[in-house]
Amino acid sequence: MESKVVVPVEGKKITLQNGKLNVPENPIIPFIEGDGIGVDVTPAMLKVVDAAVEKAYKGERKISWMEIYTGEKSTQVYGQDVWLPAETLDLIRDYRVAIKGPLTTPVGGGIRSLNVALRQELDLYVCLRPVRYYQGTPSPVKHPELTDMVIFRENSEDIYAGIEWKADSADAEKVIKFLREEMGVKKIRFPEHCGIGIKPCSEEGTKRLVRAAIEYAITNDRDSVTLVHKGNIMKFTEGAFKDWGYQLARDEFGGELIDGGPWLKIKNPNTGKEIVVKDVIADAFLQQILLRPAEYDVIACMNLNGDYIPMPWRLRLAVSVLHRVRISATNARCLKRLTGLRRNMRARIKSTQAPLFCLRR
């Protein structure tokens, strides 16, 4: 199939050496304009980033932008119903780093979520979300400056994996019958007309996420890593996430028990500073990040909890500072800007505001 993407004449690919990104002076960065407000926000974002690079490097470095396609624009370029072309996925893998705008969800079939499809196809298992206060940003709470955390959200498992069946479908009835008759499950309160889903949580998926969180804490000289979970209710998924996280900290980073455990302490090999690895129940955590945010630093959590956790920060901080980057095992990265704004909101926002806040790190 003929390529629909114009590769910049000037610029070089970002490469991977010894597990680290090697960024040339003129990297080629793929970008997805996005749907809805993407047409407004993305051009402004490109200008802001170009200006920031010029200011920081005084012309010695420059980004060569390369547009790739996903969402509604993809159907215009590649043809009807081609929402996520293979070429887009191949280019993100090849060029290592990409940035995207908000994407629509096709109506009436096809891919249920283009964002989820990108995560799954590229195995973007880490959603890294720094959350901090910027002076001058309006906040309804006292001392918003105490907030300075980094969320590591597991992106490939949990109920967001999309393993579910519609009520009254043959597959749903088959799963329910198996659970009741073969597994002896008696906790399905209303088995008739019942949709059902599965919540996967694996040791491998947990450990690679917690490993990334601890490595980040070491590299950036942070104080603690907190495992957020609902293990008090879901003992074999959320509870296992907590247990596997502690196990990894002991086995790979020499974690030592604090006062008999389960909290651990790790010595930062670079600075000698102590890093505390601890855990907290999700609902208590959501309260504490508003009341005692200074007690939390790097956060590791499963997929669903990671979706909820930023919500209280919308009370403490402006929504525009909640940016994120998704990272794969091969260090492919997909940055995401402001989310949740639809096309009918385009006329009600100043499109230069979102990229200014979302790209400041």
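The values are calculated or read from the model by the stated rules, or taken from the named source; none is laboratory data. Everything numeric here is computed off the predicted structure, so don't read it as measured data. Note: ideal-geometry Cβ built from the backbone for every residue, glycine included; neighbour counts use all protein chains shown.
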In this structure, is Glu204 exposed (fewer than 13 other Cβ atoms within 10 Å of the Cβ) and not assigned by TED's automatic domain parsing to the domain that holds Trp244? no
Would you be able to say whether some residue in segment 60-75 is in a helix (DSSP H, G or I), assigned by TED's automatic domain parsing to the domain that holds Asp94, in contact with a Phe, Trp or Tyr (Cβ under 7 Å, 6 or more places away or on another chain) and farther than 30 Å from Tyr216 by Cα? yes
Going through segment 112-171 in order, the residues found to be touching a strand residue (DSSP E or B) at 6+ places or on another chain (Cβ under 7 Å) and among the β-branched types (Val, Ile, Thr) are Val126, Val131, Thr147, Val150, Ile151, Ile159, Ile163
I'd like to check which strands (runs of 3 or more DSSP E) are fully inside segment 197-289 and have at least 1 residues that are among the acidic types (Asp, Glu) and over 20 Å from Val126 (Cβ atoms). 274-281
Among the numbered conditions (1) buried (at least 17 other Cβ atoms within 10 Å of the Cβ); (2) more than 22 Å from the chain's Cα centre (by Cα); (3) of a type in the set (Val, Ile, Thr); (4) modelled with pLDDT of 95 or more, tell me where Val5 comes up short. (1)
Residues of segment 266-296 that turn out to be under 29 Å from His143 (Cβ atoms), over 26 Å from the mean Cα position of the chain (by Cα) and of a type outside the set (S, T, N, Q), as a count: 2
Of Lys177, Lys187, which residue is part of a loop (DSSP other than H, G, I, E, B) and either free of Cβ contacts under 8 Å to residues at least 12 places away in the same chain or of a type outside the set (S, T, N, Q) (or both)? Lys187
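Residue-by-condition table, conditions (1) touching a Cys at 6+ places or on another chain (Cβ under 9 Å); (2) farther than 25 Å from Ala212 by Cβ; (3) at pLDDT 95 or above:
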| site | (1), (2), (3) |
| --- | --- |
| Val97 | yes, no, no |
| Gly110 | no, yes, no |
| Val126 | no, no, no |
| Lys187 | no, yes, no |
| Ile198 | no, no, yes |
Could you list, in sequence order, all residues of segment 291-308 that are over 23 Å from Asp221 (Cβ atoms) and either charged (D, E, K, R) or assigned to a strand (DSSP E or B) (or both)? Asp307
What are the residue pairs meeting all of these: first residue in segment 248-274, first residue under 21 Å from Asn220 (Cα atoms), second residue of a type outside the set (Lys, Arg) and in a loop (DSSP other than H, G, I, E, B), Cβ atoms under 6 Å, and 6 or more apart or on different chains? Ala249/Gly255; Leu264/Gly255; Lys265/Ile258; Ile266/Gly255; Thr271/Asp221
For Ala318, state whether it is assigned by TED's automatic domain parsing to the domain that holds His143 and either among the acidic types (Asp, Glu) or modelled with pLDDT of 85 or more (or both). no
